[in-house]
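For reference, the structure discussed in these notes is given below.
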Amino acid sequence: KIYSASTTAPVNIATLKYWGKRDTKLNLPTNSSISVTLSQDDLRTLTTASAAEFFESDKLWVNGKEESVHGPRLVACFTELRALRKTLEDANPELLALSKYHLHIVSENNFPTAAGLASSAAGFAALVQAVAKLYELPQSPEELSIIARQGSGSACRSLFGGYVAWEMGQEADGSDSRAVQISTQEAWPDMKAAILVISASKKETSSTVGMQTTVNTSTLFKYRTEVVVPQRFKEMSEAIVNKDFETFGKLTMIDSNQFHAVCLDSSPPVFYLDDTSRLVIGLIEKVNKIYGRVVAAYTFDAGPNSVLYYLKKDELIVLGLLKAAMPDIGGWDMKSYTASIAPAV
Ligand code: DP6
């Protein structure tokens, strides 16, 4: 008999970026970060976890392709989840010994993988949730976020809908480095996102490698993590709670720009933006200037694709602008779509 559980997990896009680890094994960050979770109707990973006595080894398929299960991050997630199940089994001998069975994980994204669209975030969040569901674990999303974090740092934030903080924590074992919800989608329902898929190809420098190059070589980085981010974290959290889009948008844009600045300040330099990304930045800066307020805020992760945050009332301006600007941009092969914010996960 095969025992299975399925779940979906959403993508989250950081508005205050996680960039740098103080512990690469446990994925402990050098700064706290903030993100917005996008609705699963738009972007999500669907994962099924199965266990059976006759499975001969752990296996993983991502978008139909078999992947290694020996990576330390996946091993860390499996080990922690199995240990929690084992505790349940020890306390309740009637429970099936699922912790002893091998796991088969089948995972599918409905968006490009590893193109800077937070696929690892949704991927590990879905994996941890699917196994936790299969194992009937009583742990809260906050507790599970500590496990998802070990798969991919940003994954811990995909365990919640709405507006989410990943508190960096102080402990060496990572027990306080977890995600918490700052505010719900319902509390600020007029927020929208537009995703501009400028390139769906895989990024040249993975986040994991890029961020440690920055940690080890950038002189600006220390100032960012020690001085800028702690203050910005407070201001952005407050802006979210107060539904202050002007402040939220400004902080989102300057934080994206500072993240790409510390990438450039790394040796060798790490480039994620391309000419089209820079055109989008110029366009949004211009429209915000014309209107005399923040109509839309751009942010870019470890790739050229842009995510714009804006309020529903401004959707026609934002989408109209993008449509009008397209002919000006040579070779624009952009697939853009809008997304809502995830109510709950
Ligand atoms: C630029 O979470 O992909 O998207 O922990 O090494 O898996 P690992 O890195 P990952 O890095 C995400 C970096 C970012 C910013 C963010 O999401 O906060």
*State whether the residues of the stretch 224-234 include one that is among the acidic types (D, E) and either over 17 Å from T15 (Cβ atoms) or touching a residue at least 24 places away in the same chain (Cβ under 8 Å) (or both).*
yes
*Quick one: count up the residues across the stretch 165-204 that are crowded, with 18+ Cβ neighbours inside 10 Å and of a type in the set (V, I, T).*
4
*Is one or more of the residues making up the stretch 26-45 in contact (Cβ under 8 Å) with a residue 24 or more places away in the chain, among the acidic types (D, E) and farther than 30 Å from T213 by Cα?*
yes
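Name the residue, out of T205, T225, T252, that is within 16 Å of the ligand (Cβ to nearest atom), more than 27 Å from D314 (Cα to Cα) and in a helix (DSSP H, G or I).
T225
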*Would you please list the contacts, defined by Cβ atoms under 9 Å and residues six or more apart or on different chains, that run from a residue in the stretch 1-24 that is closer than 19 Å to Q150 by Cβ and basic (K, R) to a residue that is within 8 Å of the ligand (Cβ to nearest atom) and at pLDDT below 95?*
K21/T208
*asked:* Looking at (1) at pLDDT 95 or above; (2) within 16 Å of the ligand (Cβ to nearest atom); (3) not aliphatic (A, V, I, L, M), which one does F111 not meet, given that it meets all the others?
replied: (1)
*Of the residues that sit in the stretch 295-305 and are within 13 Å of the ligand (Cβ to nearest atom) and not hydrophobic (A, V, I, L, M, F, W, C), which one is surrounded by the most Cβ atoms within 10 Å (Cβ to Cβ)?*
N305
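The rows are residues; the columns are (1) closer than 28 Å to L283 by Cβ; (2) not in a strand (DSSP E or B).
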residue	(1), (2)
Q150	no, yes
Q170	no, yes
D173	no, yes
Q181	no, no
A187	no, yes
K192	yes, no
*Picking from K222, K202, which residue would you name as being modelled with pLDDT of 95 or more and out of contact with any helix residue (DSSP H, G or I) (no Cβ under 9 Å at 6 or more places or on another chain)?*
K222
*Report the residue count in the stretch 1-15 for those that are crowded, with 24+ Cβ neighbours inside 10 Å and either in a strand (DSSP E or B) or more than 11 Å from the ligand (Cβ to nearest atom) (or both).*
6
*Please go through the stretch 16-52 and pick out each residue that is assigned to a strand (DSSP E or B), within 9 Å of the ligand (Cβ to nearest atom) and farther than 18 Å from E171 by Cα.*
L16, I34, S35
*On the given criteria, is I105 away from the ligand (no atom under 12 Å from the Cβ), in contact with a Cys (Cβ under 6 Å, 6 or more places away or on another chain), farther than 27 Å from M191 by Cβ and not in a loop (DSSP other than H, G, I, E, B)?*
no
*Could you count how many residues in the stretch 56-100 are part of a strand (DSSP E or B) and either touching a Cys at 6+ places or on another chain (Cβ under 8 Å) or of a type in the set (A, V, I, L, M) (or both)?*
2
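The values are calculated or read from the model by the stated rules, or taken from the named source; none is laboratory data. For clarity, every value in this text was computed on a predicted model and none was experimentally measured. Here Cβ is always computed from backbone atoms with ideal geometry, including for glycine, and neighbour counts include all displayed protein chains.
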